[in-house]
């Protein structure tokens, strides 16, 4: 009798999901509501949701509830990239400048944006801590701080690494002006002009531009849209490279996340050759699952992993607060920081330190994760619904970027030009490689509050894409 | 009759100065006081002061009055440096780290400090503008700003260059995280590993460290403690160098200021060969004379001078707000900024923009100049009085650093070790060269409020120096 009841409920809800009454990204009724509305026990309600979850129709979010996650069957994952394993250094600057130039125009729906929109940030609370910092700091933040960075902030960052058994102390951390600044110090300290490094493919274009400017050769590794780089692919080029850069958790632009076994394997093979890994973990805190994925740093026994992060994607891009735990290269990194910038901005570091110290960060992240997760499901649904048949999307389990692969005949650089005229901006796939690939791909950011307008803009974008077939 | 009267007054005051009743750095009675106390006309009072000024006993400060500037005759200027004109790249890191490590200890009297002390900064007014910036900025400063930097700030900086006919616009300026960050972008954009650059000697050690880290060879040019580098010395090495870096106005550590003719000549000879000049003009606004000295940039017709500045020495070191007017290299510099740090801290830039916009800067600078000028005279007097006979000091006409040359037998690295035990910190001369020179020199900062305690500490330092003879 009981069994029949929960199955009846789950079948009814399943129908509502499949016919679109309950839409992907929608929050499901609470268990308590189910219990009341259907007049069943809490246990039965739970059983019904477990069944829906097992069928892939809903997902649970810790401390938040259940969400519709239905994806029509034809929507599949993009292919593993197959870049050439020769080092390249061609240019895509013009395209990047073009995309950047529209970023400050707020009339444009910015699916190309690399940061979450303001409305998702805890601005009032940050302001409170900014005023506190101004009051508490000697000289109100006009003084230089220690070269290694604000001590309180370093302590807070070290403390946060307990979630993945980082076991770091304030002495292990150097603060930087954002994560790219951390990567820049890392590359300048560890490589010389002419050296070769390995990166994911597609990969954040800033990393490619930096490497090029430093005269480095870049090997782009085949990368799976869900699981990240293939350890075997890295193994093949180990003899050529001086350093490796990975965005291991919720990679920009793919949203991929390396499984722990891959992380372990990668760290092991790099350690055997003494090759440093610069790990850009700036999205790791924005996970949609039950716990924070470990970074490669968690498996680092030799101090060869330079683990970096920032609050640019979660709290305040304009504060320029990031960090690096440089392992055994700490002295070199502190020296780089000293000679290139002397020290970090005092007051924004103190503000973030205050914010972290009061435990506000975890509270904010919980809300942010829930909202971004729901957004990611809405975007997936919209792409399935509006984009040309055969479109593929990555399945980010964190972060706020997803990767869309369109029909081979669609050139996303052309799509960009057409879309921007209708005040929609995307990041064409070509930006994310030094090679001429990903021309039918694009990165979409879902880091803005979901609304009917966003849905309409995605519909409009789909229509433009269809027009290119 | 009138003539006799003013001479009588000036003789009486002259006596008071020479016997120490009126001490170097003291403010002289106002003309009105003189007029009342001596019962003479304002004209006579003025005549008396002009006579004292002509005899080098007092100096006038615009909008402030007259100050005692008597220096006993035996105090002369240090010698012109005679570095070898071979490129060198030896190391003094250990010494620099040692000196840096005591900088955060506020029990120490920090004559080694490279910034003015808090008490000289307009902190309350800056705080007001910080709160305004927080209220006015979209997202309260959490947003990324334009890569080139805050537009309002760039406009203000361009406007300030009118004082030396800079004729720059907001489009010509790129903001940076302080002046060293500007120099770093300049060197990275314009030079390659193995290139040679020319600098002053002695020169700020940060420049030497940066050049070394970038794999550049450095030629140190003979530098006059009052007039800066000799154009002829630069001429001799032109064929070897890829770029030149000059702190043309109130050089750190000498306090030297290049005469306009030298600036013109230097720009001309560099232009003929197309060699860029990175000009670090971060002390130019802190002049003690009647007007701001021109930078070399004022004579630049080809866009070859990259003119940099910051508010780190006048308003807020910890804000990390500086700038560069890169001439024809603007695109390269913007690209460097993009790849290494993405953008500047939004809120501190806006705060400084507000401060400059309201004309608060000129008001603050007037007070700062008066105080620092008086300090410089007090320091000169104290060195003459307390330091070993034969000590020489530079005669800074701006900034807050002076250079002391002691007896050849005194090693200032040893002096540092002895002084720090008595809680006095100096910057030994050896820090300011890659060559083994200036071992009997030191840089003293007078960027703190003058007090009896400072006087005592200088006396104590003199005693320690004498002990080394």
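The values are calculated or read from the model by the stated rules, or taken from the named source; none is laboratory data. What you see is a predicted model; the values in this text were computed from it and never measured. Virtual Cβ from ideal backbone geometry, glycine too; neighbours counted across all protein chains shown.
Have a look at A:323, A:307 and point out the one that is within 30 Å of residue B:133 (Cβ to Cβ) and assigned by the TED database to the domain that holds residue A:154.
That would be A:323, the only listed residue that is within 30 Å of residue B:133 (Cβ to Cβ) and assigned by the TED database to the domain that holds residue A:154.
When you scan the stretch A:427-441, do you find a residue that is surrounded by fewer than 21 Cβ atoms within 10 Å (Cβ to Cβ), under 30 Å from residue A:315 (Cβ atoms) and outside the structural domain of residue A:223 (by the TED database), even just one?
no
Of the conditions (1) surrounded by 20 or more Cβ atoms within 10 Å (Cβ to Cβ); (2) part of a helix (DSSP H, G or I), residue A:175 fails just one. Which one is it?
Going through (1) surrounded by 20 or more Cβ atoms within 10 Å (Cβ to Cβ); (2) part of a helix (DSSP H, G or I) one by one, residue A:175 breaks only (2).
Scan (1) free of Cβ contacts under 8 Å to residues at least 60 places away in the same chain; (2) within 14 Å of chain B (Cβ to nearest Cβ); (3) within 29 Å of residue B:211 (Cα to Cα); (4) surrounded by 24 or more Cβ atoms within 10 Å (Cβ to Cβ) for the single condition residue A:279 breaks and write down its number.
(2)
Conditions first: (1) in contact with a strand residue (DSSP E or B) (Cβ under 8 Å, 6 or more places away or on another chain); (2) facing chain B (nearest Cβ under 10 Å). Residue A:140 passes all but one, so which condition is the exception?
Residue A:140 satisfies every listed condition except (1).
Taking the criterion of being buried (at least 23 other Cβ atoms within 10 Å of the Cβ), away from chain B (no Cβ under 14 Å), touching a strand residue (DSSP E or B) at 6+ places or on another chain (Cβ under 9 Å) and in a helix (DSSP H, G or I), would at least one residue in the stretch A:290-298 satisfy it?
Yes, that holds for at least one residue.
Examine the stretch B:341-360 for a residue that is part of a loop (DSSP other than H, G, I, E, B), without any contact (Cβ under 8 Å) to a residue 60 or more places away in the chain, buried (at least 24 other Cβ atoms within 10 Å of the Cβ) and within 14 Å of chain A (Cβ to nearest Cβ), and state whether such a residue exists.
no
Select from the stretch B:178-196 the residues that are facing chain A (nearest Cβ under 9 Å) and outside any helix (DSSP H, G or I) and write down the one among them that is nearest to residue B:313 (Cα to Cα).
B:178
Please find, among A:210, A:130, the residue that is at the interface with chain B (Cβ under 10 Å from one of its Cβ atoms), in contact with a helix residue (DSSP H, G or I) (Cβ under 9 Å, 6 or more places away or on another chain), closer than 12 Å to residue A:349 by Cα and part of a helix (DSSP H, G or I).
A:130
Considering only residues that are part of a loop (DSSP other than H, G, I, E, B), touching a residue at least 24 places away in the same chain (Cβ under 8 Å) and within 14 Å of chain A (Cβ to nearest Cβ), which ones fall in the stretch B:213-239?
Across the stretch B:213-239, the qualifying residues are B:214, B:216.
Please verify whether the stretch B:260-273 includes one or more residues that are touching a helix residue (DSSP H, G or I) at 6+ places or on another chain (Cβ under 8 Å), at pLDDT 95 or above and outside any helix (DSSP H, G or I).
No.
Counting only residues that are within 13 Å of chain A (Cβ to nearest Cβ), in a loop (DSSP other than H, G, I, E, B) and under 18 Å from residue B:401 (Cα atoms), how many does the stretch B:102-111 have?
1
In this structure, does residue A:382 turn out to be assigned to a helix (DSSP H, G or I) and closer than 30 Å to residue B:352 by Cα?
Considered against the rule, which asks whether it is assigned to a helix (DSSP H, G or I) and closer than 30 Å to residue B:352 by Cα, residue A:382 comes out as no.
When the residues of the stretch A:20-60 are filtered to those that are surrounded by 18 or more Cβ atoms within 10 Å (Cβ to Cβ), out of contact with any strand residue (DSSP E or B) (no Cβ under 6 Å at 6 or more places or on another chain) and closer than 15 Å to residue A:378 by Cα, which remaining residue is modelled with the lowest pLDDT?
A:25
Filter the stretch B:311-330 for residues that are at the interface with another protein chain (Cβ under 10 Å from one of its Cβ atoms) and assigned to a helix (DSSP H, G or I); which is surrounded by the fewest Cβ atoms within 10 Å (Cβ to Cβ)?
My answer is B:318.
Can you confirm whether the stretch B:153-174 contains a residue that is more than 18 Å from the chain's Cα centre (by Cα), under 28 Å from residue A:349 (Cβ atoms) and within 12 Å of another protein chain (Cβ to nearest Cβ)?
no
Which condition from (1) at pLDDT below 95; (2) closer than 28 Å to residue A:97 by Cα; (3) within 14 Å of chain B (Cβ to nearest Cβ) is the one that residue A:394 breaks?
With (1) at pLDDT below 95; (2) closer than 28 Å to residue A:97 by Cα; (3) within 14 Å of chain B (Cβ to nearest Cβ) applied to residue A:394, the lone miss is (3).
If you check residue A:149 against the conditions, is it buried (at least 19 other Cβ atoms within 10 Å of the Cβ) and more than 7 Å from chain B (Cβ to nearest Cβ)?
So residue A:149 fits the description; yes.
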